[in-house]
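Asks: My questions will all concern the structure given below.
The values are calculated or read from the model by the stated rules, or taken from the named source; none is laboratory data. All values derive from a computational prediction rather than experimental measurement. Heads up, the Cβs are rebuilt from the backbone with ideal geometry, glycines too, and the neighbour counts pull from every protein chain shown. All accessible areas refer to the heavy atoms of the entire protein, side chains included, with ligands and DNA or RNA removed. Shrake-Rupley method; radii C 1.70, N 1.55, O 1.52, S 1.80 Å.
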Amino acid sequence: MRRIDPFYALAAASTFLVVGFIVLPLVEMIRQPTAADLQASWMDPDVRRAIWMSVSTSGTAALISFVFGTPFAYLLARRDFRGKRFIESVVDLPIMIPHPVIGIAILSLAGRQHWIGRIASELGIKVMGSVTGIVIVLTFVGLPFYINTVKNGIEAIPQRLENVSRSLGAGAFGTFMLVTFPLAWRSVIVGMILCTARAVSEFGAVVILAYHPMTAPVMIYERFTAYGLRYSQPVAVWLIFVCLGLFLLLRWLNPNSRART
Amino acid sequence: MIAIDDLAIRLPGFTMEGISFRVEVGEFFILLGPTGSGKTLILESIAGMVPISSGRIIIGGRDVTNLPPERRAIGIVYQDQALFPHLSVSQNIRYGLRYRPWGADREKKLAALIQLLGLESLLDRGVCNLSGGERQRVALARALATAPDILLLDEPLSALDPSFREEIRHLLKGLHRETGITVLMVTHDFPEAHFLAARTAVIGNGRIEQVGSVPEVFNRPISPTVAAFVGMKNIFQASFDQGVARAGPMTLSLTGFCDPAWGYLAVRPEDVCVYGVSSGKNDGVHCFPGRVTRIDHQGAFCDVLVHSDGLLWQTILPTGRLIKEDIAEGGQVWLQVLPEKIHVM
């Protein structure tokens, strides 16, 4: 009988352990609520509103990341400049900072004590307890995932393709639109998925800046603390289903991933 | 016409200075240099893709030093072709046409170019499944479709299989003859320069070592770097006086004028004669005793290293002669270096 290499046996055991560690709590959470609980939960307009709030604000954060993060990611991927390492570290900061700290930091800017907060207030922009505030927080936490993914994607495209495009008459913007972006499209989609995923799961920063309008994680937390596990689980299950559907849709929309399957 | 005037490129860990040369209208000029010598950097600086520290770049009479790449009217072909993978062959070729003014006969010229490069049957195909030769032909068509003032070629043959290399080498020569375009090509392969170019410049040590016609550079290299590059493998430091050169303990007769300012002598491996002791071909004139230290078999010929008077000589011999004259590793031989075969610099 063929002997299994101990290293591969160890790797297989680790894989089994890790997959179990991730899947088991999720399966248990999905399995525990009854169909009636799930149906009742879905019929609750507050639940649907909270899930929509999470999805829409996260999607908006991903779109904002796309608009502002893409040129930034291009610059980081293609240019060397003084302070680049520092800027890259700054981009990674939201990943490392504890989430409530992010909420407090943005709150300190948005309040009337700060000139930015005063200007926003005069312009009629309400940050605290508003959709705007939620989007700001979610963009803050999601941006690093988008920028790093797109930057890596652009770095993987040979710069010679851009050089040739320039030599053929295209300007920097034309080259970006005709060569770089079409080739980095997959990274852009993956970046948006990661950004959305990170934003949907955000709780700590959102709860400080905007308890209401309620996002799904805040609602799950509220129902858990007020009514217990049974009342919060169905909302969590619906959030998982909706997010899973959205991510599958985005993957399907990505032409590269479809071509591979 | 391309005129490069006192170009300097300074990058972290790499500097090139005093780069000057001219490529005449319709000329096929080759910039030769070993790998890592910076020849691609020069090409990319001419194309406007690498910032220069100082100097001037003139293309077709226009000072393009401060112009972006898209305004320099150049075509560039890289050794890896750099075809756009998300576009078809036809879309690759037509890529630059949107940025050039429409001419009444544009489609006619494009069709002629496609025919010249034999790409008619490939137009609708993706570029990822093309052979090396086909990819190179598409890259050439793409670069030429916009009718650039000059064509820059970055080692277009080095990434190809030998069969495709031969095909593209002939194609480049024919293309240059047909279109009459000014071509600047960089390569590390001297035989390519022999085949394609009339004039060449050799780059080494961060500067241009020699500019001249290909036969001139081949026959009269002016520095040890150039001599080594054109295949003179026996390069020795020497002192020169009254018609003789002294390299170590060896004294070699020279023909013609002798300048004490010279510092090196060089001899091609094929110009060093080696005779087996059994051959009896020692007439005493320019002959030195030696010992074979290594023989590398290369098929019909062998590289033979001979140690003589403290100098190590690289020679080439037909394999048959090794057997006939009983030349073997460790054996004694006679080494002959004729004065007319010695290059001095």
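Asks: Applying the selection to the range A:201-213, what residues are outside any helix (DSSP H, G or I) and either surrounded by fewer than 21 Cβ atoms within 10 Å (Cβ to Cβ) or at pLDDT 95 or above (or both)?
Replies: A:S201, A:F203, A:Y211, A:H212, A:P213
Asks: Kindly check whether there is at least one residue in the range A:32-45 that is assigned to a helix (DSSP H, G or I), within 18 Å of A:S201 (Cα to Cα), touching a residue at least 24 places away in the same chain (Cβ under 8 Å) and open to solvent by less than 80 Å² (accessible area, probe 1.4 Å).
Replies: Here is the first cut: in the range A:32-45, the ones assigned to a helix (DSSP H, G or I) are A:35-43, A:45.
After this cut, where a residue has to be within 18 Å of A:S201 (Cα to Cα) as well, the list is none.
No, every residue in the range A:32-45 fails to be assigned to a helix (DSSP H, G or I), within 18 Å of A:S201 (Cα to Cα), touching a residue at least 24 places away in the same chain (Cβ under 8 Å) and open to solvent by less than 80 Å² (accessible area, probe 1.4 Å).
Asks: Looking at (1) exposed (fewer than 15 other Cβ atoms within 10 Å of the Cβ); (2) among the aliphatic types (A, V, I, L, M); (3) away from chain A (no Cβ under 14 Å), find the lone condition where B:L11 falls short.
Replies: (3)
Asks: Can you pull out every residue in the range B:65-111 that is free of Cβ contacts under 8 Å to residues at least 24 places away in the same chain, within 12 Å of another protein chain (Cβ to nearest Cβ) and not polar (S, T, N, Q)?
Replies: The first filter runs over the range B:65-111 and keeps only residues free of Cβ contacts under 8 Å to residues at least 24 places away in the same chain, leaving B:65-69, B:71, B:86, B:91, B:98, B:101-108, B:111.
Then drop every residue that is not within 12 Å of another protein chain (Cβ to nearest Cβ), which leaves B:67-69, B:71, B:86, B:91, B:98, B:101.
B:L67, B:P68, B:P69, B:R71, B:H86, B:R98, B:P101 - these are the residues of the range B:65-111 that are free of Cβ contacts under 8 Å to residues at least 24 places away in the same chain, within 12 Å of another protein chain (Cβ to nearest Cβ) and not polar (S, T, N, Q).
Here's the yes/no breakdown for (1) under 18 Å from A:T196 (Cβ atoms); (2) open to solvent by 20 Å² or more (accessible area, probe 1.4 Å); (3) touching a Ser or Thr at 6+ places or on another chain (Cβ under 8 Å):
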position: A:F140; (1), (2), (3): yes, yes, no
position: A:Y146; (1), (2), (3): yes, no, yes
position: A:I157; (1), (2), (3): no, no, yes
position: A:V164; (1), (2), (3): no, no, no
position: A:L168; (1), (2), (3): no, no, yes
position: A:F176; (1), (2), (3): no, yes, no
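Asks: How do the pairs read when you match residues in the range B:325-341 that are within 30 Å of B:F257 (Cβ to Cβ) with residues anywhere that are of a type in the set (S, T, Y), using Cβ under 6 Å and keeping only pairs 6 or more apart or on different chains?
Replies: Taking only residues 6 or more apart or on different chains, the pairs are B:W334/B:Y275; B:L335/B:S308; B:P339/B:S253; B:P339/B:T255; B:E340/B:T255.
Asks: Shifting gears a bit: Hey, can you tell me all the residues within the range B:39-64 that are within 11 Å of chain A (Cβ to nearest Cβ) and of a type in the set (A, V, I, L, M)?
Replies: B:L43, B:I46, B:A47, B:M49, B:V50
Asks: Follow-up. Quick one: which helices (runs of 4 or more DSSP H) lie wholly within the range A:111-200 and hold at least 3 residues that are within 11 Å of another protein chain (Cβ to nearest Cβ)? Outline the logic, then answer.
Replies: On the way: elements: A:115-122, A:131-155, A:159-167, A:172-175, A:181-200.
Per the criteria, A:159-167, A:172-175, A:181-200.
Asks: Can we say A:S108 is among the polar types (S, T, N, Q), under 21 Å from A:Y211 (Cβ atoms) and under 25 Å from the mean Cα position of the chain (by Cα)? First the steps, then the outcome.
Replies: Details: among the polar types (S, T, N, Q): yes; under 21 Å from A:Y211 (Cβ atoms): yes; under 25 Å from the mean Cα position of the chain (by Cα): yes.
The answer is yes for A:S108.
Asks: Considering the range B:260-278 alone, what residues qualify as being touching a strand residue (DSSP E or B) at 6+ places or on another chain (Cβ under 8 Å), of a type outside the set (A, V, I, L, M) and in contact (Cβ under 8 Å) with a residue 24 or more places away in the chain?
Replies: The answer is B:W262, B:G263, B:Y264, B:R268, B:P269, B:E270, B:D271, B:C273, B:Y275, B:G276.
Asks: Please verify whether the range A:242-252 includes one or more residues that are within 14 Å of another protein chain (Cβ to nearest Cβ), open to solvent by less than 50 Å² (accessible area, probe 1.4 Å), farther than 19 Å from A:F72 by Cβ and not basic (K, R).
Replies: Filtering the range A:242-252 for residues within 14 Å of another protein chain (Cβ to nearest Cβ) gives none.
No: zero hits.
Asks: Restricted to the range B:128-159, and to residues that are aliphatic (A, V, I, L, M) and surrounded by fewer than 21 Cβ atoms within 10 Å (Cβ to Cβ), which residue is farthest from B:G60 (Cα to Cα)? Reasoning before the result, please.
Replies: Our first condition is that a residue be aliphatic (A, V, I, L, M); within the range B:128-159, this holds for B:130, B:138-141, B:143-145, B:147, B:150-153, B:157, B:159.
Restricting the remaining residues to those that are surrounded by fewer than 21 Cβ atoms within 10 Å (Cβ to Cβ) gives B:130, B:147, B:159.
Numbers: B:L130: 34, B:A147: 13, B:A159: 30 Å.
Filtering first and then ranking leaves B:L130.
Asks: Quick one: which helices (runs of 4 or more DSSP H) sit completely within the range B:37-127 and have at least 1 residues that are of a type in the set (S, T, Y), surrounded by 20 or more Cβ atoms within 10 Å (Cβ to Cβ) and assigned by the TED database to the domain that holds B:L157? Give the steps one after another, and end with the answer.
Replies: Values: elements: B:39-47, B:89-94, B:106-116.
Of the helices (runs of 4 or more DSSP H) lying wholly inside the range B:37-127, those with at least 1 residues that are of a type in the set (S, T, Y), surrounded by 20 or more Cβ atoms within 10 Å (Cβ to Cβ) and assigned by the TED database to the domain that holds B:L157 span B:39-47.
Asks: Filter the range B:15-36 down to residues that are touching a residue at least 12 places away in the same chain (Cβ under 8 Å) and open to solvent by 60 Å² or more (accessible area, probe 1.4 Å) and give me whichever is nearest to B:D154 (Cα to Cα).
Replies: The initial filter retains those residues of the range B:15-36 that are touching a residue at least 12 places away in the same chain (Cβ under 8 Å), namely B:15-35.
Narrowing the set further to residues that are open to solvent by 60 Å² or more (accessible area, probe 1.4 Å) leaves B:15, B:17, B:22, B:24-25, B:35.
On the way: B:T15: 20, B:E17: 20, B:R22: 18, B:E24: 19, B:V25: 19, B:T35: 12 Å.
The qualifying residue nearest to B:D154 (Cα to Cα) is B:T35.
Asks: Right, next: Against the conditions (1) within 27 Å of the chain's Cα centre (by Cα); (2) within 13 Å of chain A (Cβ to nearest Cβ); (3) part of a loop (DSSP other than H, G, I, E, B), where does B:V138 fall short? Just the number, please.
Replies: Here B:V138 meets the rest and fails (3).
Asks: Please work out if A:Y227 is open to solvent by 40 Å² or more (accessible area, probe 1.4 Å), of a type in the set (S, T, Y) and closer than 18 Å to A:H99 by Cβ. Show your work before the answer.
Replies: Working: open to solvent by 40 Å² or more (accessible area, probe 1.4 Å): yes; of a type in the set (S, T, Y): yes; closer than 18 Å to A:H99 by Cβ: no.
Taking the combined requirement at face value, the residue does not satisfy it.
Asks: Just one of (1) open to solvent by 30 Å² or more (accessible area, probe 1.4 Å); (2) more than 28 Å from A:T132 (Cβ to Cβ); (3) part of a helix (DSSP H, G or I) trips up A:A77, so point out which.
Replies: Here A:A77 clears every test but (1).
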